[in-house]
């Protein structure tokens, strides 16, 4: 595919507070310190890509317009810190290969950005995020925000309390 490195990031519960089927931009709250941590990674040459399941679209809990408004507010709170956002609107009972834990979104990004998945990371707050990263050949981090607070034995390479320390780990490991 390529030789560039990327950090793939789940959105809800990982980069921003978990809001069940977030459909209102007013409820978007990016975790403190996230912007600066992402900027440091990007300055070190990492590509930052959000990969998010959005089954609320197929379940009728979110309209496409609401998704776009929430995503716009999310990106407004992280100016210049995210290279791309990929989303899977699939219903969990009828998933395509793009829906995590499928690897379709990561593979699509790898083609579009020239990413080497074996040199990349996946960070999320759910077992499906860890499984997606593993299946794609990435190293994985589970964060204990969102749904990750109560998970044990997820198979993640590392577990962190939140996104800032997870991103700091990647920065530290990539310098070594």
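At a glance:
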{"item": "In region 132-147, residue surrounded by the most Cβ atoms within 10 Å (Cβ to Cβ) [restricted to those that are over 13 Å from the mean Cα position of the chain (by Cα) and part of a helix (DSSP H, G or I)]", "result": "136"}
{"item": "Residues being in a loop (DSSP other than H, G, I, E, B) and under 19 Å from residue 41 (Cβ atoms) - total across region 100-131", "result": "4"}
{"item": "Single residue of region 155-168 satisfying the filter (surrounded by fewer than 19 Cβ atoms within 10 Å (Cβ to Cβ) and touching a strand residue (DSSP E or B) at 6+ places or on another chain (Cβ under 6 Å)) that is farthest from residue 19 (Cα to Cα)", "result": "157"}
{"item": "Unique residue being within 23 Å of residue 114 (Cα to Cα), in contact with a helix residue (DSSP H, G or I) (Cβ under 6 Å, 6 or more places away or on another chain) and either buried (at least 19 other Cβ atoms within 10 Å of the Cβ) or touching a residue at least 40 places away in the same chain (Cβ under 8 Å) (or both) when the list is 62, 47", "result": "47"}
{"item": "Count - residues of region 65-99 that are part of a helix (DSSP H, G or I) and either touching a residue at least 24 places away in the same chain (Cβ under 8 Å) or surrounded by 17 or more Cβ atoms within 10 Å (Cβ to Cβ) (or both)", "result": "8"}
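No value in this document is a laboratory result; all are computed from the given coordinates. None of these values were measured; they are calculated from a predicted model. No Cβ is skipped: glycine too gets one built from the backbone with ideal geometry, and neighbour counts run over all protein chains shown.
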